[in-house]
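Worksheet: one structure, shown below.
The values are calculated or read from the model by the stated rules, or taken from the named source; none is laboratory data. Source: prediction; values computed, not measured. Here the Cβ is made from the backbone with ideal geometry for all residues, glycine too, and neighbour counts use every protein chain on show.
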Amino acid sequence: MADSRLLRDEDYNTHFDPDAFIKTYHTVLEDTVVGGLVPFVLKGEHDVFKTGDVKGRRLLDIGTGPVPHSVIPAVPFVQDIYLTDFSTVNRKYLYDALFGSGKQDYSNVFEFLVNLSDKSQPWTKRSDELKDKVRGIFPCDLLQDDIFKGSYFPLFDVITTSFCLDSAAPDVETYGKIVKEISKYLKIGGHLVIVGALDTTYYFVGEHKFFSLNKSAGEVKSCWKNAGFSIQSWNQMEATEENEECDFGGAYVMHCIKES
Ligand SMILES: C[S@@+](CC[C@H](N)C(=O)[O-])C[C@H]1O[C@@H](n2cnc3c(N)ncnc32)[C@H](O)[C@@H]1O
């Protein structure tokens, strides 16, 4: 009998195929399976950073997965970039793509983002700048007390995260606890830029069906406000059509500042 359980946790080491994930959700930018999701996300991230107000020395990205899109808009505005993920497979994929023999170059993501700012720059310049600034790809498990599993980091100026808490948190209460844990790694006055799904319960990677935490915009906002953040901007899109890859209801890009 087929296993109908939605995949999560350790399944990211055994059933999550980075190439299938990128092909489905990050490759065809103008015609994604979830109608415009990736352009919305990339433009939303770009809009937060283009003001130049969101900057600092050290940036932490939580749950980078196999694709570094969440930090690419930040590259010109920070000096040291720390990438993290739960999955050994994703960390290795990302390492090989950025520094090793991996074939993935993320050129369509870089091109899309560079075209939003300075079309005269080759995308490889931003890619080289990212590689120069990445200080490591670290293990992370948001469900543990010690979420970085023994890595001790000084406080960060900027934290980014994209579609990771949706995968990690089993319920909204745990989501709220994770938010408070993440907050401990950010300076007062530091910036948090988060991308996530709304009203979505699963997504497919190849034939494998992964869990996504079903939550509303109001629940997301109140978790961050309860953890001492003030919301600076909130950008939201609604799903316009049904598709087979996920029951996507909407997505958001939020920028907030840690006040306390
Ligand atoms: C949907 S992918 C998102 C990847 C990438 N950030 C993006 O926006 O495409 C979810 C990511 O969350 C990670 N993840 C799942 N459970 C986690 C946990 N408990 N702690 C930290 N990361 C987790 C997975 O390894 C995976 O890379």
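A residue that is over 17 Å from the mean Cα position of the chain (by Cα), within 14 Å of the ligand (Cβ to nearest atom) and buried (at least 18 other Cβ atoms within 10 Å of the Cβ) occurs somewhere in region 33-49. Here Gly63 qualifies as surrounded by 21 or more Cβ atoms within 10 Å (Cβ to Cβ), within 17 Å of the chain's Cα centre (by Cα) and at positive phi. Flag: Gly190 matches the condition of being modelled with pLDDT of 95 or more, away from the ligand (no atom under 13 Å from the Cβ) and within 22 Å of Pro73 (Cα to Cα). Mind counting the residues in region 208-238 that are over 30 Å from Ile188 (Cα atoms) and more than 16 Å from the ligand (Cβ to nearest atom)? Residues that pass the stated criteria total 1. Filtered by the rule that a residue be under 16 Å from Ser222 (Cβ atoms) and not in a loop (DSSP other than H, G, I, E, B), region 139-190 gives Leu165, Val172, Glu173, Thr174, Tyr175, Gly176, Lys177, Ile178, Val179, Lys180, Ile182, Ser183. Cβ-Cβ distances below 7 Å connect the following pairs, each with a first residue in region 84-98 that is at pLDDT 95 or above, a second residue that is part of a helix (DSSP H, G or I) and more than 9 Å from the ligand (Cβ to nearest atom), and a separation of six or more residues or different chains: Leu98/Lys131. When each of Lys92, Lys119 is tested for being surrounded by fewer than 21 Cβ atoms within 10 Å (Cβ to Cβ) and not in a helix (DSSP H, G or I), the lone residue that passes is Lys119. Determine if region 107-124 includes at least one residue that is of a type in the set (Val, Ile, Thr) and more than 22 Å from Gly44 (Cα to Cα). Looking through region 107-124, none of the residues is of a type in the set (Val, Ile, Thr) and more than 22 Å from Gly44 (Cα to Cα). May I ask you to verify whether Gly102 is more than 12 Å from the ligand (Cβ to nearest atom), outside any helix (DSSP H, G or I) and touching a helix residue (DSSP H, G or I) at 6+ places or on another chain (Cβ under 8 Å)? Spelling it out, Gly102 is indeed more than 12 Å from the ligand (Cβ to nearest atom), outside any helix (DSSP H, G or I) and touching a helix residue (DSSP H, G or I) at 6+ places or on another chain (Cβ under 8 Å). Residue check: Thr84 meets all listed conditions (1) over 17 Å from Asp132 (Cα atoms); (2) within 14 Å of the ligand (Cβ to nearest atom); (3) touching a Ser or Thr at 6+ places or on another chain (Cβ under 7 Å); (4) not aromatic (Phe, Trp, Tyr) but one, namely (1).
Quickly run through region 46-76 and pick out the residues that are assigned to a strand (DSSP E or B) and acidic (Asp, Glu). Lay out the reasoning, then the answer.
Start the filter on region 46-76 by keeping residues that are assigned to a strand (DSSP E or B), which leaves 58-62.
Once the filter is applied, which keeps residues that are assigned to a strand (DSSP E or B) and acidic (Asp, Glu), region 46-76 yields only Asp61.
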